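K.L.:
Pasting in a structure now, in structure tokens, and then I'll have a few things to ask.
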Amino acid sequence: MKRTARRVRNSLQKTRVQIRRTIASLSPRSSLTVFMYHSVTEDATRNWGPWRYAVTPVEFEEHISVIADRYNVVTMDDVSSHIGESEYTLPKNAAVVTFDDGYRDTLTQALPVLERYSVPATIYVTTDLVGDQYGPFEFRLAEALRNRAGKSISSLELGIDLSGSISNNPEKIYRFLRGNPGKRTTILDKIENESPSGTTMLTDEELRVISEHRLITIGAHGHHHVPLTTLSKCAIDESISECISVLEEIIGYSPNHSSYPYGSYNRDVINAVRNLDFMTAVTTCPNIYSTDKLKTKYLLIPRIDAGIYSPSSIPSFPRSFV
């Protein structure tokens, strides 16, 4: 456990150093920083599993306070206007706030904070999860393992070759089982009890309401919450097209912006997104782009996982540059 925690800390430190170096190489007048969030919940321990990508409501407000103070926060529509043929140019030290998946706490916890600081945000929605009581596979899996604390899991029970050395370690089991996307249903059937748990997603009505808010832009995040690179070309097109269709039905318009589930993309995925006329698409690659680079890399816009930063260490240019 100590060795694993050390590797995680070292990885996060390397990411922070990389981002700081990127910032140092850019002019404050020519950069775009895109911050990525997922769930905003009191359960955000970030010790393992999906909670590593969540922040507490207090942490989120501290983040937004710093971001609003240090950056000129814009919308993804502003970014696409900058990329396109209009005369609009992004302001110096521009930033965008984004959320993936479409958790209900984006409405109940995040939106009130965004309102207090007048910070716009884009929510990328996985449409198959709209109205789901338990959320993505990762939350259901982690909660099931939590509920089984102290109980070992055998290879025979799962029908998967599970090393005996990890059978009593929920975090290791989580990482191992998460890497078996083709057996998700089987895994949950085996380890969930009669009352599955997870995290609640936005309902159709909640999504419609939040989509009408002046600060919110809705984007696409695939129909199913799976890495698009694991699908055939046809299935990739179907997943993205179905996501667009469902969003059109719920919010009344077609999304212009997309986020790759799990940050997973290849040439087929990028071509599908391009052919469906998305104006921008974001990855999970931790980087910051110059605004000039956006014009050619608008379907590969990097993002910084804000959850790995304390408010005081959120990357930014010196205040004198802002």
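K.L.:
Scanning the stretch 124-137 for residues that are in contact with a His (Cβ under 9 Å, 6 or more places away or on another chain) and modelled with pLDDT of 95 or more, which turns out farthest from Tyr37 (Cα to Cα)?
P.N.:
Residue satisfying both the conditions and the ranking: Asp128.
K.L.:
Keeping to the stretch 110-128, report how many residues are crowded, with 22+ Cβ neighbours inside 10 Å, within 17 Å of Ser241 (Cβ to Cβ) and not hydroxyl-bearing (Ser, Thr, Tyr).
P.N.:
1
K.L.:
With the condition kept exactly as written, say whether any residue in the stretch 222-242 is on the phi > 0 side of the Ramachandran plot and in a loop (DSSP other than H, G, I, E, B).
P.N.:
The answer is yes, given that some residue of the stretch 222-242 is on the phi > 0 side of the Ramachandran plot and in a loop (DSSP other than H, G, I, E, B).
K.L.:
If Tyr298 satisfies every condition in (1) within 19 Å of Tyr124 (Cα to Cα); (2) assigned to a helix (DSSP H, G or I); (3) not acidic (Asp, Glu) but one, which is the exception?
P.N.:
The single condition Tyr298 does not satisfy is (2).
K.L.:
Looking only at the stretch 243-260, which residues are in contact with a Leu (Cβ under 9 Å, 6 or more places away or on another chain) and assigned to a helix (DSSP H, G or I)?
P.N.:
Hits for the stretch 243-260 are Ile244, Leu247, Ile250, Ile251.
K.L.:
Here is a follow-up. Anything in the stretch 259-307 that is of a type in the set (Ser, Thr, Tyr), under 24 Å from Arg52 (Cβ atoms) and in contact (Cβ under 8 Å) with a residue 40 or more places away in the chain? List them, or say none.
P.N.:
Ser259, Thr284
K.L.:
Can you report the number of residues in the stretch 261-294 which are assigned to a strand (DSSP E or B) and modelled with pLDDT of 95 or more?
P.N.:
So the count comes out to 3.
K.L.:
Inspect the stretch 193-204 for any residue being at pLDDT 80 or above and among the hydrophobic types (A, V, I, L, M, F, W, C) and give the result as yes or no.
P.N.:
Yes, some residue in the stretch 193-204 is at pLDDT 80 or above and among the hydrophobic types (A, V, I, L, M, F, W, C).
K.L.:
Tell me, which residue of the stretch 198-218 that is crowded, with 17+ Cβ neighbours inside 10 Å, touching a helix residue (DSSP H, G or I) at 6+ places or on another chain (Cβ under 7 Å) and of a type outside the set (A, V, I, L, M, F, W, C) is farthest from Ser258 (Cα to Cα)?
P.N.:
So, considering only residues that are crowded, with 17+ Cβ neighbours inside 10 Å, touching a helix residue (DSSP H, G or I) at 6+ places or on another chain (Cβ under 7 Å) and of a type outside the set (A, V, I, L, M, F, W, C), the one farthest from Ser258 (Cα to Cα) is Gly198.
K.L.:
Could you tell me whether Ser254 is touching a Pro at 6+ places or on another chain (Cβ under 6 Å), closer than 18 Å to Val282 by Cβ and surrounded by fewer than 17 Cβ atoms within 10 Å (Cβ to Cβ)?
P.N.:
It is false that Ser254 is touching a Pro at 6+ places or on another chain (Cβ under 6 Å), closer than 18 Å to Val282 by Cβ and surrounded by fewer than 17 Cβ atoms within 10 Å (Cβ to Cβ).
K.L.:
Among all residue pairs at least 6 apart or on different chains, which show Cβ distances below 6 Å where the first residue, located in the stretch 62-83, is buried (at least 17 other Cβ atoms within 10 Å of the Cβ) and the second is at pLDDT 95 or above and part of a helix (DSSP H, G or I)?
P.N.:
Ile64/Val113; Ile64/Tyr117; Ala68/Tyr117
K.L.:
Quick one: which of Phe317, Phe321 is hydrophobic (A, V, I, L, M, F, W, C), at pLDDT below 95 and loosely packed, with under 14 Cβ neighbours inside 10 Å?
P.N.:
Phe321
K.L.:
Provide a single number: the residues in the stretch 184-211 that are touching a residue at least 12 places away in the same chain (Cβ under 8 Å) and part of a loop (DSSP other than H, G, I, E, B).
P.N.:
Residues meeting the conditions: 9.
K.L.:
Test Thr283 against the criterion of being under 20 Å from the mean Cα position of the chain (by Cα) and of a type in the set (Val, Ile, Thr), and give yes or no.
P.N.:
Judged against the criteria, Thr283 is a match.
The values are calculated or read from the model by the stated rules, or taken from the named source; none is laboratory data. Only a predicted model underlies this, so the values are computations on that prediction, with no experimental measurement involved. All Cβ positions, even for glycine, are placed from backbone atoms using ideal geometry, and neighbour counts span all protein chains on display.
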